[in-house]
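Engineer: Let me give you the structure first, and then I'll get to my questions.
The values are calculated or read from the model by the stated rules, or taken from the named source; none is laboratory data. These numbers were taken from a predicted model, which means no experiment stands behind them. Glycine also receives a Cβ, built like all others from the backbone with ideal geometry; neighbour counts cover every protein chain displayed. Just so you know, the surface numbers come from the protein's heavy atoms only, side chains and all, with ligands and any DNA or RNA stripped out. Shrake-Rupley method; radii C 1.70, N 1.55, O 1.52, S 1.80 Å.
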Amino acid sequence: MKNTRSFKIILFLFIGFYSCEVLDEDPFVQTETENFYQNLNDALDGLTSAYARLKSGNGYYKQKYLSTLFAASDQGLSTFLLNDFKNGNVTSSDPNTEDIWIDIYKAIRDANNVIAKVPAIDMDESLKFRIIGEAKFLRALHYFNLVRCFSEVPLRLVPVEADVDEGLPISSISEIYDAITSDLEYATTYCWDRNETRNNEINNLGRVTKAAANAMLAKVYLRMASCKRTAMAGIEGNIKYLELSESPATYYQWAADKCDAALLDSGFMLSGNLDQYISIFEADNGNNHEMLFEVQGSDEIGQGTAVSNLFTPRNAGLSGTGFGGSNKLKGRFINLHLNKNDPRFQNSIIKEYQTCRIFEIYPGSTGYRAYFPIACSSTITATNNNNWPFTFLIDNYLDDPNASERTFKINVNRLPEEGASYRRVEMDEDDQLSYGNAEPLTMGVNTLTSSSANNKLIEVQFDNSDICFNQLILNEEDDVSDDVKEQRNLYSLWQGWTSKYIDRGATTPYTSRQNWHVIRLADVYLMRAEALAELSQNPGLASQDINALRARVGMADFNGAAMTMDAFRTALLEERAVELYMEGHRFFDLTRFGVYDEYCRNVLDVIPGTDGSRQAEDYTWPIPLIEVSANSNIN
């Protein structure tokens, strides 16, 4: 690549390698590679640097790439900085694609160095081939992302010579896919199984496995098949796929074969029940049995990503401090493009969260009702009781002094380090006061109920003022005075959040322990279901694989036997949406199925200031201007 901004100087990211259970990444910069690759440790260090490139810059899996894929889909809205992706107006001067382009080609550069230089090292042959196989997997992933996002791009498969400063012309779709499939075929042969050990070397969790390579190759073949199929049906956005040499049926068969191969690794397996399914998205459960390949998160400075901040509400204790809440679901996607009653959806969305407000999801799962704070720190009334010096009056908010049992929630957002307690003060039917026992306050929702149906709560007393909480009256059938309604400030927030990326332990925007799921085992089952149905033109053959995923969450069986292929494809997109939403697949699914315009219009056209229409040129993004202007070989 020739790029006056970042490609003229060849940098090399050197990373210390440690023999531990999970791939370790601790990068620093080395300015040249000519004399670096001399021994086994150099080979391992160079490879680990290639892994680190997945997240070393903000343009790739660390941040921007994730949000642009979301913004370009039908799932909802992202930050205003990505409005052009939301509206289908991406231009060559877009700063987001510029960063994505630069970071992916840097990653390709480091993979090329490993592939070119490790073969000459005198070392164990099995480990050498594994290292090269992992680097080829990474290079294939990078080019697969490029060709899906930008279509025809420059294809550099060897390191840039120190005295060469000339860019490459773009390569055709078929040439790029030939390189991708060649790299992945090598990886399927020489990569090791999960946790496999040979000659005292272990394939650490987080590294590429044979199963991951087969799954990724299946994904590549499936895209080639579906894009060529839809191009043959007249979808102009995929027209360049007509140059692929084989028929869609051939690619579907190859995809099915690679899915079969991916499922042979006994180190990976589907969850056995709903609880296990829920656990696969926990922050401390990365590289679990359903995750074939992930970009590694970390709570260490310089090694994490922004994934938690990007996909969870800001300042809710679910991610690090700083920016956040970029990517949220919209109701029409939830209502129209997936089954919102599916346990996979209901158990991977945030039902309640708190900032300085309480947000509780509506029954329809398309938005939240929110309550503003009514009491915090110094606004809590002082008393003359030394043991209970602060009180929150409740009876002032009740317009019926003879009301029966009262129930309240207070949502505690702040507590002092030493903790705090509360007690209830109640009044019986004879207006006699009684005092409850001291009970500890906890962060989050605390429920207070009068001890007798004949009593009413009139106040809550606290032993410390350094707290902040909200009040929510649960007896919605009660009459509530106008000033209470004003204090509660009820409003609706019509969007949804996923719980797939919560990390309550993250301290900064880039210290999330959550991994980014590049490819999951569930995707393999869905890909095989699609390939088998397309090969036979019989949706019934997809039922077994789809039901394997449904069974693990207690979902009713899918039966495709009576479906037309068009109906099946719609149903399959719904299955893929509910299983894989917000994991980076949706934009690519809509384009390869040739329904990009239809599905984006369904969701986005009704949102003010948003254009859901998508033309053929919107199926991919233009090559960034920084490349075009610096590379004379690109017209």
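Engineer: State yes or no: is Phe137 at negative phi, out of contact with any Lys or Arg (no Cβ under 6 Å at 6 or more places or on another chain) and open to solvent by less than 10 Å² (accessible area, probe 1.4 Å)?
Structural biologist: On the way: at negative phi: yes; out of contact with any Lys or Arg (no Cβ under 6 Å at 6 or more places or on another chain): yes; open to solvent by less than 10 Å² (accessible area, probe 1.4 Å): yes.
Yes, satisfied.
Engineer: Out of all the residues in the range 148-200, which are under 30 Å from Phe268 (Cβ atoms), open to solvent by 30 Å² or more (accessible area, probe 1.4 Å) and not in a loop (DSSP other than H, G, I, E, B)?
Structural biologist: Correct list: Asp178, Ser182, Glu185, Tyr186, Thr189, Tyr190, Thr197, Arg198.
Engineer: Filter the range 181-210 down to the residues that are among the acidic types (Asp, Glu) and closer than 20 Å to Leu222 by Cα and list them by number. Can you show your working first?
Structural biologist: Initially, the range 181-210 is screened for residues among the acidic types (Asp, Glu), giving 183, 185, 193, 196, 201.
Scanning the range 181-210 gives Asp183, Glu185.
Engineer: Suppose we filter the range 67-90 for residues that are aliphatic (A, V, I, L, M), part of a helix (DSSP H, G or I) and over 19 Å from the mean Cα position of the chain (by Cα); how many remain? Show your work before the answer.
Structural biologist: Restricting attention to the range 67-90, the residues satisfying the condition of being aliphatic (A, V, I, L, M) are 69, 71-72, 77, 81-82, 90.
Still in the running and part of a helix (DSSP H, G or I): 69, 71, 81-82.
When the remaining residues are screened for being over 19 Å from the mean Cα position of the chain (by Cα), the result is none.
Residues flagged as aliphatic (A, V, I, L, M), part of a helix (DSSP H, G or I) and over 19 Å from the mean Cα position of the chain (by Cα) within the range 67-90 amount to 0.
Engineer: Another question, if that's okay. If a residue has to be open to solvent by 10 Å² or more (accessible area, probe 1.4 Å) and over 19 Å from Ala306 (Cβ atoms) to count, how many in the range 64-90 make the cut?
Structural biologist: Result for the range 64-90: 7.
Engineer: I would also like to ask the following. Any chance you could count how many residues in the range 451-464 are at pLDDT 75 or above and open to solvent by less than 10 Å² (accessible area, probe 1.4 Å)?
Structural biologist: Number of matching residues: 2.
Engineer: Next up: What strands (runs of 3 or more DSSP E), lying completely within the range 275-362, carry at least 1 residues that are open to solvent by 40 Å² or more (accessible area, probe 1.4 Å) and farther than 26 Å from Arg550 by Cβ?
Structural biologist: Numbers: elements: 291-295, 352-354, 358-361.
Qualifying strands (runs of 3 or more DSSP E): 352-354.
Engineer: Restricting attention to the range 386-397, and to residues there that are over 14 Å from Arg424 (Cα atoms) and loosely packed, with under 14 Cβ neighbours inside 10 Å, which single residue is modelled with the lowest pLDDT?
Structural biologist: In the first step, residues of the range 386-397 are kept if they are over 14 Å from Arg424 (Cα atoms); the result is 386, 396-397.
Checking which are loosely packed, with under 14 Cβ neighbours inside 10 Å leaves us with 386, 396.
On the way: Asn386: 77, Asn396: 47.
Here the residue is Asn396.
Engineer: Spot the failing condition for Ile349; the list is (1) modelled with pLDDT of 95 or more; (2) more than 28 Å from Arg414 (Cα to Cα), and only one is missed.
Structural biologist: Among (1) modelled with pLDDT of 95 or more; (2) more than 28 Å from Arg414 (Cα to Cα), Ile349 violates only (2).
Engineer: Determine whether Ile180 is free of Cβ contacts under 8 Å to residues at least 60 places away in the same chain, under 20 Å from Asp589 (Cβ atoms) and touching a helix residue (DSSP H, G or I) at 6+ places or on another chain (Cβ under 9 Å). Step through it out loud before you land on a result.
Structural biologist: Values: free of Cβ contacts under 8 Å to residues at least 60 places away in the same chain: yes; under 20 Å from Asp589 (Cβ atoms): yes; touching a helix residue (DSSP H, G or I) at 6+ places or on another chain (Cβ under 9 Å): yes.
Against the criterion (free of Cβ contacts under 8 Å to residues at least 60 places away in the same chain, under 20 Å from Asp589 (Cβ atoms) and touching a helix residue (DSSP H, G or I) at 6+ places or on another chain (Cβ under 9 Å)), Ile180 qualifies.
Engineer: Using beta carbons and a limit of 9 Å, which pairs, at least six apart or on different chains, have the first residue in the range 525-548 and within 18 Å of Phe268 (Cα to Cα) and the second one open to solvent by less than 10 Å² (accessible area, probe 1.4 Å) and outside any helix (DSSP H, G or I)?
Structural biologist: Ile546/Gly560
Engineer: So which pairs qualify, if the first residue must be in the range 423-436 and closer than 15 Å to Leu448 by Cα and open to solvent by less than 100 Å² (accessible area, probe 1.4 Å), the second must be among the polar types (S, T, N, Q) and modelled with pLDDT under 80, the Cβ gap must be under 6 Å, and the two must be at least 6 apart or on different chains?
Structural biologist: Short answer, once both residue conditions are applied: Glu426/Ser450; Glu426/Asn455.
Engineer: Do you know which residues across the range 598-617 are touching an Asp or Glu at 6+ places or on another chain (Cβ under 8 Å) and under 25 Å from Ser151 (Cα atoms)?
Structural biologist: Step one: filter the range 598-617 for residues touching an Asp or Glu at 6+ places or on another chain (Cβ under 8 Å), giving 599-600, 602-605, 611-616.
Scanning the range 598-617 gives Tyr599, Cys600, Leu604, Asp611, Gly612, Ser613, Arg614, Gln615, Ala616.
Engineer: Please find, among Ala211, Ala218, the residue that is touching a Lys or Arg at 6+ places or on another chain (Cβ under 6 Å), aliphatic (A, V, I, L, M) and open to solvent by less than 10 Å² (accessible area, probe 1.4 Å). Give the derivation first.
Structural biologist: Numbers: Ala211 fails: touching a Lys or Arg at 6+ places or on another chain (Cβ under 6 Å).
Just one listed residue meets the conditions, Ala218.
Engineer: Could I ask something else about it? Being open to solvent by less than 20 Å² (accessible area, probe 1.4 Å) and either among the basic types (Lys, Arg) or within 26 Å of the chain's Cα centre (by Cα) (or both) is the filter here; which residues of the range 239-255 pass it?
Structural biologist: Once the filter is applied, which keeps residues that are open to solvent by less than 20 Å² (accessible area, probe 1.4 Å) and either among the basic types (Lys, Arg) or within 26 Å of the chain's Cα centre (by Cα) (or both), the range 239-255 yields only Ala255.
Engineer: Would you call Arg520 modelled with pLDDT of 80 or more, of a type in the set (Lys, Arg), over 30 Å from Gly322 (Cα atoms) and open to solvent by less than 10 Å² (accessible area, probe 1.4 Å)?
Structural biologist: Numbers: modelled with pLDDT of 80 or more: yes; of a type in the set (Lys, Arg): yes; over 30 Å from Gly322 (Cα atoms): no; open to solvent by less than 10 Å² (accessible area, probe 1.4 Å): yes.
When the stated conditions are applied, Arg520 does not pass them.
Engineer: Name the residues in the range 91-122 that are open to solvent by less than 30 Å² (accessible area, probe 1.4 Å) and assigned to a loop (DSSP other than H, G, I, E, B), would you?
Structural biologist: Selection gives Asp94, Ile121.
Engineer: Residues that are open to solvent by 10 Å² or more (accessible area, probe 1.4 Å) and aliphatic (A, V, I, L, M): which helices (runs of 4 or more DSSP H) entirely in the range 555-635 hold 2 or more of them?
Structural biologist: So the answer is 565-580, 625-630.
Engineer: On to the next question. Restricting to the range 47-61, name every residue that is assigned to a loop (DSSP other than H, G, I, E, B) and in contact with a Leu (Cβ under 8 Å, 6 or more places away or on another chain).
Structural biologist: Of the range 47-61, the ones assigned to a loop (DSSP other than H, G, I, E, B) are 53-61.
Passing the criteria: Arg53, Leu54, Ser56, Tyr60, Tyr61.
Engineer: More than 15 Å from Arg614 (Cβ to Cβ) and crowded, with 19+ Cβ neighbours inside 10 Å: does that describe Ser126? Before you say what the answer is, go through the steps one by one.
Structural biologist: Values: more than 15 Å from Arg614 (Cβ to Cβ): yes; crowded, with 19+ Cβ neighbours inside 10 Å: no.
For Ser126, the condition - more than 15 Å from Arg614 (Cβ to Cβ) and crowded, with 19+ Cβ neighbours inside 10 Å - is not met.
Engineer: Can you find, within the range 398-422, the residue that is nearest to Ala438 (Cα to Cα) among those that are open to solvent by 70 Å² or more (accessible area, probe 1.4 Å) and either modelled with pLDDT of 75 or more or in a strand (DSSP E or B) (or both)?
Structural biologist: Here the answer is Glu418.
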